[in-house]
Amino acid sequence: MSESTIRSLLASAAAHAADYVESLPERPVGLPVPVEDLRRALGGPLPESGSPPEAVLDQLVGGASRGIMASSGPRFFGFVVGGTLPAALAADFLTTAWDQNAGLYTLASSASVAEEVAGQWIKELLGLPATASVGFVTGCQAANFSALASARHALLEREGWDVEGRGLYGAPEIAVVVGEEAHVTIHTALQMLGLGHDRVHRVPADGQGRLRADALRPILAGLRGRPTLICAQAGNVNSGSFDPIAEIATQAKSHGAWLHIDGAFGLWAAASPKLRSLLAGFELADSWATDAHKWLNAPYDSGLVFCAHPGAHRAALTAHAAYIERPDDGRARDPFEWTPEFSRRARGFAVWAAMRSLGRAGVVDLVERSVAHAQRFAELLGARPGVAVLNEVVLNQTLVRFAPPGGGADDVAIDAFTRATVTRVQESGELWLSGTNWQGKAAMRISVSGWSTAPADVERSAAAILRAAGR
Ligand SMILES: *Cc1c(COP(=O)(O)O)cnc(C)c1O
């Protein structure tokens, strides 16, 4: 390809990208599209011959655009997603152009060092031990997997068992304790690690979804002397609540258990002096999993695992091959040793750019603003008769339930009306959010984690929600 062709191709990709990003504040957020329409737009027979890159780009833009969810815009409140900071977006463009294999220092020395630096910054920002190891993974699912693999290694090593070499056949049993409200990805991690998601000890949760420390005590008493893994949570995916980590950490310590914390978005609250007490004691854990693609507003895909025991972390995930040379006399860091992948994208550049562009003050502001927005939603919606806010809005999550106007409805009718309200909001295109089942009741979930959400977006969205609820 000639120089001028690649330049004009990338310029036109950048122009399409800029058009899209500029349209975010006003484009419909997530209008449903029938899947058959998208299959028609992107489908067709196997191309027998190739097409020029400009034509491919045009076909992609034309074919995909209707099914692109404006989740990085200011009025997206679904799941826990977060947008993309401009600096991180631009860094991600370059990451693609550089096309580094970030698994190996030898192939991607700057990618390795960018991860080292960004990892150190994030540990300092959140107040994690400076000596903790870090892995840049695809998301919190992979981070939970990596952390629990490290736990499995350490717990069995103490029993004199080499799990990486011998597997789990004949190994001492690890007892696994999780909160009733643990995120589904904890269970997936357990299933992938041979620890099983059905044989866990479940600790009941309270009305906010927090693991009950008083109920943990008798469970641990029954497991005395056994290798034990405890999974706690910082930030419930529905209510935003935090397990009582300090109390859990004290019990874990006296039991000799490994304590893991899933803080996919909640861990970022540790950056804020105002919110930090929600996670009190979290620095005493053995491992932590979080996301950069949620609250830090790095692009997909981007998660982080931290481990207080670098030896266990590396032993669980590293690979051994004669053709891998120790880079730079052993002073440099090979990223593959800290993640389940071998070859992979240099996603650390975008994280580095997000941290560089926000700085400590910017992260604190982003987190605190999101919490204020979630609280404003609760205020605006909860003030209406027949509208109930179901959770204490301690973080960025607001759960709301809507009775049909007029009153006199029972729980079944309120469930149905709440679900119908969620659907009407989605179909409005004004904003996007989704529903959930919160402790047996249908609820609308509002999650605020995008950098670009402004107070006016919250007012406008709350008005649209109230319209959809017939108020
Ligand atoms: C989102 C989330 C996860 C999973 O993270 P992914 O980035 O989707 O893999 C795990 N735990 C909690 C609490 C979450 O909110």
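The values are calculated or read from the model by the stated rules, or taken from the named source; none is laboratory data. Values in this document were obtained by computation on a predicted structure and should not be read as measured data. Quick reminder, even Gly has a Cβ in these numbers, built from the backbone with ideal geometry, and neighbours come from all protein chains shown. Accessible surface areas use protein heavy atoms only, side chains included; no ligands, DNA or RNA. Shrake-Rupley method; radii C 1.70, N 1.55, O 1.52, S 1.80 Å.
Please work out the FRET efficiency for the pair N437 and E36, using the Cβ-Cβ distance as r and a Förster radius of 22 Å; give the result to the nearest 0.05. Once the sixth-power term is evaluated, E becomes 0.15. Distance from the C-alpha centroid of region 265-340 to that of region 446-463: 30 Å, rounded to the whole angstrom. Using the rule -39500 (n - 2.57) for each DSSP H run of four or more residues, divided by the residues of the chain, the 222 nm mean residue ellipticity is -14000 deg cm²/dmol.
If R₀ is 51 angstrom, what is the calculated FRET efficiency for the pair R158 and V412, using the beta carbon separation as r and rounding to 0.05?
My answer for the efficiency is 0.50.
Maximal additional length on extending the L46-R202 stretch stands at 51.2 nm, based on 0.36 nm per residue less the C-alpha distance. Taking the average, over residues, of other Cβ atoms within 10 Å as the packing measure, peptides 418-426, 58-66 rank 418-426, 58-66 from highest down.
Once both labels are modelled 7 Å past Cα along the beta-carbon direction, what's the E22-A90 spacing in nm? Going from the E22 label point to the A90 one covers 1.6 nm. For the chain, carbon and sulfur atoms together expose 57% of the accessible surface, with a 1.4 angstrom probe and every protein chain in place. Based on protein heavy atoms only, the chain ends up with 43 Å² per residue of surface accessible to a 1.4 Å probe.
Each peptide among 221-227, 291-297 gets the average number of other Cβ atoms lying within 10 Å of its residues, and from highest to lowest they stand as 291-297, 221-227.
With the convex hull constructed from alpha-carbon coordinates only, region 284-375 shows a mean projected area of 8.1 nm² over all directions.
With all pairs of different C-alpha atoms in the average, the Kirkwood value for the hydrodynamic radius of region 63-185 is 18.6 Å. Ordered from highest to lowest accessible area with the whole protein assembly present and a 1.4 Å probe, Y300, Y20, Y169 read as Y169, Y300, Y20.
Which semi-axis lengths, in whole Å and largest first, follow from the square roots of five times the eigenvalues of the Cα gyration tensor of region 203-334? Each step should come with its number before you reach the end.
On the way: eigenvalues 180, 93, 28 Å².
Largest first, region 203-334 gives 30, 22, 12 Å.
Distance from the C-alpha centroid of region 87-113 to that of region 157-193: 33 Å, rounded to the whole angstrom. Here the peptides 190-197, 237-244 are ranked by packing, the mean other Cβ count within 10 Å, and the order with the highest first is 237-244, 190-197. Rg/Rh for region 146-255 (Cα atoms only, Rh after Kirkwood) is 0.97. Each listed q (0.18 Å⁻¹) maps to a log10 I(q)/I(0) for region 335-400, found by the Debye formula over equal Cα scatterers with no solvent: -0.75.
Take every Cα pair under 8 Å whose residues are at least 6 apart in sequence, average their separation, divide by the length of region 203-259, and the relative contact order is 38 percent. Here A361 and S65 are evaluated by their C-beta separation; at R0 = 35 Å the FRET efficiency comes out at 0.45. Rounded to the nearest whole angstrom, the semi-axes of the ellipsoid equivalent to the chain, taken from the Cα gyration tensor as √(5λ), stand at 36, 33, 20, largest first. Percent of Cα pairs in region 417-468 per distance bin of 5 Å, from zero to the largest separation: 4, 20, 29, 25, 14, 7, 1. Between D301 and Q120, full extension at 0.36 nm per residue minus the direct alpha carbon distance yields a gain of 63.2 nm. Summed over all non-identical Cα pairs, the Kirkwood treatment of region 380-471 gives a radius of 13.3 Å.
Could you give the Stokes-Einstein D for region 1-130 in µm² per second, using the C-alpha Kirkwood radius, 10 °C, 1.306 mPa s?
Answer from the Stokes-Einstein relation: 87 µm²/s.
Pairwise alpha-carbon distances in region 1-43 exceed 16 Å for 63% of all pairs.
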